[in-house]
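Asks: The structure follows.
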Amino acid sequence: MSDRDDYLDEGHAKMAVGEIDAAISSFRQAVAADSEFFDGWHALGMALMKKGEIKEAIGCGLKATTLEPNDLLAWTALSQMYVKDGQIAEAEHAKGNARILSMGGKVVK
């Protein structure tokens, strides 16, 4: 297992017991170990959203959808982040991409 995966697992374990700040730190280490690590960016974005750091969460969500443009969960999460930030048009766009994927389509071919 690589460092990035160890940090990701550590972050999930910390989230499970409610240690959000410690989880965020672990997720940051995961993406520092591999800047193209989709799971790390997605987890970091979700943890930041849970903490209320919405602007940074959106940045992580955008990175995740850039790395894996056909990931349904990533687009759904990004839509939620935009809603929390009051960016309704952006939320609807992300939700639309999630809907396309949920019906078996592709956002990027």
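The values are calculated or read from the model by the stated rules, or taken from the named source; none is laboratory data. No experiment lies behind these values; they were computed from the predicted model shown. We place every Cβ from the backbone using ideal geometry, glycine too, and count neighbours over all the protein chains shown.
Asks: Tell me, which residue of the range 7-28 that is surrounded by fewer than 19 Cβ atoms within 10 Å (Cβ to Cβ) and touching a residue at least 24 places away in the same chain (Cβ under 8 Å) is nearest to Leu67 (Cα to Cα)?
Replies: His12
Asks: Now for a separate question. So, in the range 80-95, of the ones that are over 16 Å from the mean Cα position of the chain (by Cα) and part of a loop (DSSP other than H, G, I, E, B), which residue ends up surrounded by the fewest Cβ atoms within 10 Å (Cβ to Cβ)?
Replies: So the residue we want is Gly86.
Asks: If you go through the range 59-100 one residue at a time, how many are of a type in the set (A, V, I, L, M) and either touching a strand residue (DSSP E or B) at 6+ places or on another chain (Cβ under 7 Å) or under 18 Å from Asp39 (Cα atoms) (or both)?
Replies: The number of residues fulfilling the criteria is 10.
Asks: Inspect all residues belonging to the range 52-67 and state whether any of them is in contact (Cβ under 8 Å) with a residue 12 or more places away in the chain and touching a His at 6+ places or on another chain (Cβ under 7 Å).
Replies: Checking the range 52-67: at least one residue is in contact (Cβ under 8 Å) with a residue 12 or more places away in the chain and touching a His at 6+ places or on another chain (Cβ under 7 Å).
Asks: Picking from Gly96, Gly52, which residue would you name as being more than 25 Å from Gln29 (Cα to Cα) and not polar (S, T, N, Q)?
Replies: Every option except Gly96 fails the conditions.
Asks: Any chance the range 24-36 includes a residue that's within 21 Å of Tyr82 (Cβ to Cβ), at pLDDT 95 or above and in a loop (DSSP other than H, G, I, E, B)?
Replies: Looking for residues that are within 21 Å of Tyr82 (Cβ to Cβ), at pLDDT 95 or above and in a loop (DSSP other than H, G, I, E, B), one finds none in the range 24-36, hence no.
Asks: Is it true that some residue in the range 66-79 is out of contact with any Cys (no Cβ under 7 Å at 6 or more places or on another chain), farther than 13 Å from Tyr7 by Cα, assigned to a helix (DSSP H, G or I) and among the acidic types (Asp, Glu)?
Replies: No, because not a single residue in the range 66-79 is out of contact with any Cys (no Cβ under 7 Å at 6 or more places or on another chain), farther than 13 Å from Tyr7 by Cα, assigned to a helix (DSSP H, G or I) and among the acidic types (Asp, Glu).
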